[in-house]
Amino acid sequence: MKLFEFEAKKIFAKQGIPIPKGKVTYAPDEAGEAAHEIGGAVAIKAQVLAAGRGKTGGIKFTDNIEEARTIAEKLIGSKIKGLKVGSLLVEEKLRVSKELFISVTVDRYARCYVILASTEGGVDIEEVAEKSPKKIIRYNLGVFKGFHSYEAIEIARKMGYKGRKMITLATIIHNLYSVTLDYDAELAEINPLVETEDGEFVAADARIIIDDNALYRHSELREKAMKRLRELTPREAEARRHGLAYVDLEGNIGVIGNGAGLVMATLDLVQLSGGKPANFLDLGGGASADIVKLALRTVLSKPEVDAVLINVLGGITRCDEVARGIISSLNELKEKRPMVVRIVGTREEEAKELLMNVGIKVTDELDEAVEKVVELIRR
Amino acid sequence: MKLFEFEAKKIFAKQGIPIPKGKVTYAPDEAGEAAHEIGGAVAIKAQVLAAGRGKTGGIKFTDNIEEARTIAEKLIGSKIKGLKVGSLLVEEKLRVSKELFISVTVDRYARCYVILASTEGGVDIEEVAEKSPKKIIRYNLGVFKGFHSYEAIEIARKMGYKGRKMITLATIIHNLYSVTLDYDAELAEINPLVETEDGEFVAADARIIIDDNALYRHSELREKAMKRLRELTPREAEARRHGLAYVDLEGNIGVIGNGAGLVMATLDLVQLSGGKPANFLDLGGGASADIVKLALRTVLSKPEVDAVLINVLGGITRCDEVARGIISSLNELKEKRPMVVRIVGTREEEAKELLMNVGIKVTDELDEAVEKVVELIRR
Amino acid sequence: MAILLRRGSKVVVQGITGRQGGFHTRLMLNYGTRIVAGVTPGKGGSEFFGVKVYDTMVDAKSKHDFDVSAIFVPAPFAKEAALEAIDSGIKLVVIITEHIPIKDSIEIMERAKAAGVSVIGPNCPGIITSGESKVGVMPIQIFKPGVVGIVSRSGTLTYEVAWKITRCGLGQTTCLGIGGDPVTGLNFIDALKLFETDDKTRAVVLLGEIGGNAEEMVAQYIEREGYTKPLIAYVAGRTAPPGKRMGHAGAIVTGTLGTAKSKIEAFAAAGISIAEKPSDVTRILTKKL
Amino acid sequence: MAILLRRGSKVVVQGITGRQGGFHTRLMLNYGTRIVAGVTPGKGGSEFFGVKVYDTMVDAKSKHDFDVSAIFVPAPFAKEAALEAIDSGIKLVVIITEHIPIKDSIEIMERAKAAGVSVIGPNCPGIITSGESKVGVMPIQIFKPGVVGIVSRSGTLTYEVAWKITRCGLGQTTCLGIGGDPVTGLNFIDALKLFETDDKTRAVVLLGEIGGNAEEMVAQYIEREGYTKPLIAYVAGRTAPPGKRMGHAGAIVTGTLGTAKSKIEAFAAAGISIAEKPSDVTRILTKKL
């Protein structure tokens, strides 16, 4: 789960990472008041869960309270990178002397966390990484061995800092590591970490992505995640609530499968055969008949869907359960749209028999199933 | 710092170790009320920082509220094992089916923590340990590697438990380990851990000793420790506040030295020569003149002291600082009682010169210094 | 010969009395897997399909010898189970459990590495050596003894391809799902090395998918070290919508990698045969063998 | 030869710019200790009595080679400093700092052991090889090159005895304070083994005190293994008031051990010469040598 900038900053502040004076607002008047309270020049920042806000008009500066109101009026409810702006963060404008970059994330290949740090932070950090990789310090660390203050100091030193500033920067790096571990983050990032003209370090932006699999041990974040679900399309929300991975796409062939790899391969094949998938839906492992029913209901609730392709390879998933789910949802929905079913694996025979009994013929080969469903649409 | 039973139990409860229903009381009426609230039979337990309370009348049972009052009246203000009883813990009387013993402490030789566990808990556990050491399970564990739930389960299993009870007992063992680590305890002990007639486990007694060196990272306990200081004799309290290790003894020769080993050796020599030390006082390492002054004032404030023996071997401690402390306190106190000074080590020459200037002759040999001070007393 | 798992490899099942663990223990036994013990805390002393159940690995170990542990315990307890397995001195741990937090996986891998223990998974279908033994959840009718080794990030995609290989008569030596999580134990390269030294394996199939840079690392490795056996790769997700982006750091860690295009290009550059469709895998295999 | 520390052993001082660290760095340099670098975070780039100061051990290590680290940093930071030293690949760490929490010491010793690093201390006077080098806080005028090895739990008691040995003309090879804390690195037995194989050391003095069971363990060891050199022991605290009792567990861990009586009896049973007074040590030594 991605956190909003203001949420991430609240966590930073709690863990000793300096953040700018600021306030979250939901209405233009509030924004004007916040600008007044903060005093001087302020930044008004759209709170959306997307990177690259600044380049697309999501961040404005002003030192005028009335103007702050006007900016807020324009921003609230507008769309930034396709996402509706619901709230703004009004913050003191920092007097920037330098922009740094610090991030903690997962290094899949090395099977550990990695700290990335650079003195060339800001919006172009990825370009820096590509063109002059030496300007980015990478430091791998684990959970068991931990990350020690002297390791953070060594990173800050390599960034070219000395004395008090080095120690302060090291503390921020160490605290960012603590945020990552304490909150089960997949990513905790400060870009830019501003060094002000007064020589202080302040996190000008903040990005945290929480590992969804770890939400169970962070009750507060879990509640937030639950609330977020309500903001999805009702279809996506219901699917996710039941553990289904569902993504809306723009075609007309509903696709249901088990295992992300197989579903992706199925989408690829549909497209390769000239068809257009209406969605991605992964039943996950060991789906029950009820889950299958819910999946079908979800896919079919989309009026654009003209046909459905079900591709199940049973391992943990039992084919007979899938068959039962299909049958019971057909009974319930009285569905007329055509359906192609391909089912192989654990309890395959039972499944085929069950489906045969209600007149559904099972296709054995995936290529054949895909061709069949694409052909059905063409008719 | 030793914690009272009720303090230790509060920590246990916070960390998920079941404790009996109970209440701390400071007056007979309160004790009566507590007995009424708890209902049925209660245990009334004197809160003193000493083991073996039960055998010396510190624990009484009753099922009568009036009697509870009477017992409390007798106990409060009485002395148990030489310690004044200031408070009582009134608790539900447990219906005991079995008494176990679990403890986590430091294994000096193995340089790690050790869990001790036995199904033969209760007051005679030390006898069990001596006579049938096999009845005590010992399990070493570190900080870095940690202690896992499966290790706790293995201990509970070896204690002869199975199924749900084994899991519950393992959880208690694991929580006791957490108490030890989270609170920097040198000892966390439950003896007895009662298995009730209903098959539940309850910590009937509780003992925690906190590592004094770690108090700085436990602000709440640190405050408690500060309060405790006020309860010492004024002499001991002031000495400890300044980092001096001071213990009152019953003789008439005041002893000041640096390093516990050397001070102990000095006490041994005094006794061997037929003298009687009035105290143990260790200046610690690197004592300043002010600390030496305070030490002398502390020792001399005791009217029983007839002479003082100072034995300093300078390493971290600088002999000149010690000399300055002696001189300035003599000037201040206008002391007439004789003093024997033996001083060797870092800046020895400067010290000897300083002392010579005020007419104090320094003895080189320890044996000689001890004989001299004992002789002075005899005259 | 096959790799990692052989007929007679001694297996302990952690979480044997759970829903998944129980169901698959029965299927594994039916396949011929030599399950010598099970572990479920609190269930010690019972029996499960003739397999003795113990409370801890230590206790199980005191009565049995085993080579492989299969972990079926729920995600919140999986880390402890894995560490218990590692502590027991076992040499191969297969973690079937999905939804394990990344932090836990990182700790498992760190400690396994320190102890010299191999981990397969988590979030994986396990490992099967056709006709000999399986430790995992693969449907057995899909597999047949043969000459092709399969290593995959995706469970069901493995079945898809294995099934085709069985149908075309080539069959498999060992099939290994390394798991779909960001952090896993054995990776593609580890598996490829093992297959290379296995006499029976005559060709290897690698099934990748978008995300991460595991496939690109394989391409780099093959370009550098070469590979002595035919190697066919398929990558799923060419047409998938772009997934969540891991901030700036994600892009920096993997560079511009992670897309199907990047992976396929890297494979091509390293001279690895590329299957456009899962069904192409067998077509290429029959040509090469 | 001496043990652990020799003329020319390269030393790094952690906490070199602190009050204690600075004071004793100067004294060590005066004695001839070869201090090649100092570390104080935030003070990197400066110089201290001609010794270059670095922010981290990693940085210091990149410019210098060293054999021993002396840790003078305050207790709350001592664990991190010790782990930094261990991580740096050094082989001997001497921790002078006192008041380090036991939990921290346990972690230090655990990680030192895993890394094969020897630790002296904490809460110790350090180590001195007479006339060659010292890493610690011992007053140098007390020591003179000679033939007696000393190992002790108490700093000042060591000086007391060393001073007598110097005066009687025997002198010392190496003197080692293992530290007075409940948990320390090198113990008596480790030191005795080292002295046993040192050609120059002709006799060994062991200075114990009440509490713990370190002395009893020595007696057991000597009884089992014997000792090829004269060994004289003194135990302080015969008349000390009983100290705090570590609950039931303390008594169980150490049994009935821990008193001066128990220690002296154990030594006697193992055939170790016992000094009644510190000044007896030299009397016995001169008889034996």
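Quick notes on this one:
- When D:G179, D:G185, D:G171 are checked against the criterion of being in contact with a helix residue (DSSP H, G or I) (Cβ under 7 Å, 6 or more places away or on another chain) and either of a type in the set (V, I, T) or buried (at least 24 other Cβ atoms within 10 Å of the Cβ) (or both), D:G185 stands alone in meeting it.
- In this structure, C:T129 does not qualify as closer than 25 Å to C:D59 by Cα and among the hydroxyl-bearing types (S, T, Y).
- Of all the criteria given as (1) within 11 Å of chain D (Cβ to nearest Cβ); (2) crowded, with 17+ Cβ neighbours inside 10 Å; (3) touching a residue at least 12 places away in the same chain (Cβ under 8 Å), the one not satisfied by B:A110 is (2).
- Residues within the range B:22-59 that are over 20 Å from the mean Cα position of the chain (by Cα), touching a residue at least 60 places away in the same chain (Cβ under 8 Å) and exposed (fewer than 14 other Cβ atoms within 10 Å of the Cβ), tallied: 2
- Qualifying positions in the range B:338-347 - on the phi < 0 side of the Ramachandran plot and either in contact with a Phe, Trp or Tyr (Cβ under 9 Å, 6 or more places away or on another chain) or modelled with pLDDT under 90 (or both): B:V344, B:T346
- Any hit, the range B:311-330, residues being without any contact (Cβ under 8 Å) to a residue 12 or more places away in the chain and out of contact with any Asp or Glu (no Cβ under 6 Å at 6 or more places or on another chain): no
So that you can scan it fast, the table gives a plain yes or no per residue for (1) touching a strand residue (DSSP E or B) at 6+ places or on another chain (Cβ under 6 Å); (2) small (G, A, S):
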| residue | (1), (2) |
| --- | --- |
| D:V205 | yes, no |
| D:A214 | no, yes |
| D:Y221 | no, no |
| D:Y234 | yes, no |
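- Checked across the range B:110-125, the condition of being in a helix (DSSP H, G or I) and either farther than 30 Å from C:A82 by Cβ or outside the structural domain of B:I59 (by TED's automatic domain parsing) (or both) holds for at least one residue.
- Residues that are within 18 Å of the chain's Cα centre (by Cα), part of a loop (DSSP other than H, G, I, E, B) and closer than 18 Å to C:M57 by Cβ, drawn from the range C:1-25: C:S9
- Residue within the range A:286-305 that is touching a Pro at 6+ places or on another chain (Cβ under 6 Å), modelled with pLDDT of 90 or more and either of a type outside the set (A, V, I, L, M) or over 21 Å from C:Y159 (Cβ atoms) (or both) present: no
- Taking the criterion of being touching a Ser or Thr at 6+ places or on another chain (Cβ under 8 Å) and either over 17 Å from B:P18 (Cα atoms) or away from chain D (no Cβ under 14 Å) (or both), the residues of the range B:91-103 that qualify are B:L94, B:R95, B:V96, B:S97, B:K98.
- For the range D:192-203, filtering for residues that are touching a Ser or Thr at 6+ places or on another chain (Cβ under 9 Å) and either free of Cβ contacts under 8 Å to residues at least 60 places away in the same chain or buried (at least 23 other Cβ atoms within 10 Å of the Cβ) (or both) leaves 2.
- The residues of the range A:1-20 that are away from every other protein chain (no Cβ under 14 Å), surrounded by 14 or more Cβ atoms within 10 Å (Cβ to Cβ) and in contact (Cβ under 8 Å) with a residue 60 or more places away in the chain, listed by number, are A:F6, A:E7, A:K9, A:I11, A:F12, A:Q15, A:I17, A:P18, A:I19, A:P20.
- The residue of the range A:129-147 that is surrounded by the fewest Cβ atoms within 10 Å (Cβ to Cβ), among those that are within 24 Å of the chain's Cα centre (by Cα) and at pLDDT 85 or above, is A:N140.
- First in the range B:335-364 and more than 23 Å from D:T156 (Cβ to Cβ), second anywhere and among the β-branched types (V, I, T), Cβ under 6 Å, 6 or more apart: B:V358/B:I327
- Qualifying residues in the range A:349-379 (those that are exposed (fewer than 12 other Cβ atoms within 10 Å of the Cβ) and under 21 Å from A:N252 (Cα atoms)) - the one nearest to the other protein chains (Cβ to nearest Cβ): A:R378
- Selection status of B:R164, within 11 Å of chain D (Cβ to nearest Cβ) and surrounded by fewer than 20 Cβ atoms within 10 Å (Cβ to Cβ): no
- Qualifying position, being within 25 Å of the chain's Cα centre (by Cα) and either within 14 Å of chain C (Cβ to nearest Cβ) or closer than 20 Å to A:K9 by Cα (or both), among A:E186, A:E195: A:E186
- Cross-chain or 6+ apart pairs with Cβ under 6 Å, the range B:240-266 first and under 28 Å from D:V151 (Cβ atoms) and touching a residue at least 12 places away in the same chain (Cβ under 8 Å), then crowded, with 16+ Cβ neighbours inside 10 Å and among the hydroxyl-bearing types (S, T, Y): B:V255/B:T266; B:G257/B:T266; B:N258/B:T317; B:N258/D:T156; B:G259/D:S154; B:G259/D:T156; B:L262/D:T156
- Candidate set from the range A:198-232 (those that are in contact with a Pro (Cβ under 6 Å, 6 or more places away or on another chain) and within 14 Å of chain C (Cβ to nearest Cβ)); member that is surrounded by the fewest Cβ atoms within 10 Å (Cβ to Cβ): A:N213
- Checking each residue in the range C:209-238 for being of a type in the set (S, T, Y) and more than 9 Å from chain A (Cβ to nearest Cβ) picks out C:Y221, C:Y227, C:T228.
- Selection of the range D:165-220 for residues being within 19 Å of D:K261 (Cα to Cα) and part of a helix (DSSP H, G or I) yields D:F188, D:A214, D:E215, D:E216, D:M217, D:V218, D:A219, D:Q220.
- One residue stands out in the range C:58-75 among those that are more than 12 Å from C:G15 (Cβ to Cβ) and touching a helix residue (DSSP H, G or I) at 6+ places or on another chain (Cβ under 8 Å): the one that is farthest from the other protein chains (Cβ to nearest Cβ), namely C:F66.
- Failed item, numbered, when C:S130 is tested on (1) closer than 20 Å to C:H24 by Cα; (2) polar (S, T, N, Q); (3) within 12 Å of chain A (Cβ to nearest Cβ): (3)
One line per residue, one yes/no per condition, for (1) over 19 Å from the mean Cα position of the chain (by Cα); (2) closer than 30 Å to C:I189 by Cα; (3) modelled with pLDDT of 95 or more:
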{"site": "A:K79", "(1), (2), (3)": "no, no, no"}
{"site": "A:S97", "(1), (2), (3)": "yes, no, yes"}
{"site": "A:Y113", "(1), (2), (3)": "no, yes, yes"}
{"site": "A:S118", "(1), (2), (3)": "yes, no, yes"}
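- The residues in the range B:167-183 that are surrounded by fewer than 24 Cβ atoms within 10 Å (Cβ to Cβ), hydrophobic (A, V, I, L, M, F, W, C) and either within 12 Å of chain D (Cβ to nearest Cβ) or on the phi > 0 side of the Ramachandran plot (or both) can be counted, and the count is 1.
The values are calculated or read from the model by the stated rules, or taken from the named source; none is laboratory data. These numbers were taken from a predicted model, which means no experiment stands behind them. Backbone-built Cβ (ideal geometry, glycine too); neighbour counts: all protein chains shown.
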